[in-house]
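In what follows, a single structure is set out as structure tokens and then discussed.
The values are calculated or read from the model by the stated rules, or taken from the named source; none is laboratory data. Just so it is clear, the structure is predicted and the values come from calculations on it, not from any experiment. A quick note on method: Cβ atoms are made from the backbone with ideal geometry, for glycine too, and the neighbour counts reach across all protein chains shown.
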Amino acid sequence: MHELDQRDRQHEVAGSRQRTPRLARYQLDVVGAHVADVVDSAGGWLFDRVMAGWDVRVAVANTGDLAALRILGVQPIALRAMFDGADTPTALALAGAMCGEDDRVRAALAASVRSARTEVTVWGDVWLPSVGRRGSEVCHQLSAAARVFKAQAAVAAGLDATVAPFEAFRSYGQCVRTDYPDLLPVG
């Protein structure tokens with residue numbers, strides 16, 4: 001019996017060593033007006049970030065069928081959950097239109113730009129008072145896989161399946177430095 005207890009303790013110690021936390025992954029939080037807006041404006045970029053190992057969470061103001069987001073491999077979450085967590089994301093992306101509609105989005109955008117520690121990317125019109133400047137134009141060239149998955153997500157979101165090779169954004173603050181940058185300056 002004593003020998004069995006000793007083996008159990010050894011197993012517990014070995015098991016606790018195996019439960020060490022994994023290396024921190026980059027996290028991208030995304031806020032859009034609706035699923036079709038996210039897919040159309042940033043779907044290929046989000047897919048490519050997921051494939052690069054990022055944790056991508058997407059919240060939309062007008063929820064509906066979330067199948068298109070799942071096709072892209074992102075994690076749909078409730079809008080309120082996006083702002084309830086204590087984790088500061090590595091990157092924040094959002095529809096500029098959301099800044100004029102939701103105080104939480106406007107505050108998150110302004111705080112992220114001020115901190116300069118979070119990569120901030122916006123598509124569409126930006127509510128300038130919250131950031132104070134227009135930002136830099138950047139674009140993402142979609143991978144071949146991203147074009148295929150974005151086309152499928154577009155159909156699921158009720159959009160045309162024609163996918164452009166680039167997606168355009170405005171960038172504020174610090175860009176995440178990786179071996180393979182995916183947001184490149186325009187011009």
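Just a yes or no: is a residue in segment 55-74 polar (S, T, N, Q), surrounded by fewer than 14 Cβ atoms within 10 Å (Cβ to Cβ) and over 14 Å from residue 34 (Cα atoms)? Checking segment 55-74: not a single residue is polar (S, T, N, Q), surrounded by fewer than 14 Cβ atoms within 10 Å (Cβ to Cβ) and over 14 Å from residue 34 (Cα atoms). Of all residues in segment 64-96, exactly one satisfies the criterion of being without any contact (Cβ under 8 Å) to a residue 24 or more places away in the chain and polar (S, T, N, Q), namely 75.
Applying the set (1) at pLDDT 95 or above; (2) surrounded by fewer than 20 Cβ atoms within 10 Å (Cβ to Cβ) to residue 81 leaves exactly one unmet item: (1). Can you tell me which residues in segment 143-164 are surrounded by 14 or more Cβ atoms within 10 Å (Cβ to Cβ), β-branched (Val, Ile, Thr) and in a loop (DSSP other than H, G, I, E, B)? The answer is 163, and nothing else.
Of the residues that make up segment 134-152, is at least one over 18 Å from the mean Cα position of the chain (by Cα), modelled with pLDDT under 95 and farther than 19 Å from residue 185 by Cβ? No, segment 134-152 contains no residue that is over 18 Å from the mean Cα position of the chain (by Cα), modelled with pLDDT under 95 and farther than 19 Å from residue 185 by Cβ.
Taking segment 49-89, which residues are of a type in the set (Asp, Glu), farther than 16 Å from residue 25 by Cβ and not in a helix (DSSP H, G or I)? Listed by number, the list holds a single entry, 65. Could you please let me know if residue 109 is touching a residue at least 12 places away in the same chain (Cβ under 8 Å), crowded, with 23+ Cβ neighbours inside 10 Å, outside any helix (DSSP H, G or I) and touching a strand residue (DSSP E or B) at 6+ places or on another chain (Cβ under 8 Å)? When the stated conditions are applied, residue 109 does not pass them. The listed residues are 40, 29, 103, and the only one of them that is under 14 Å from the mean Cα position of the chain (by Cα) and either surrounded by 15 or more Cβ atoms within 10 Å (Cβ to Cβ) or free of Cβ contacts under 8 Å to residues at least 40 places away in the same chain (or both) turns out to be 29.
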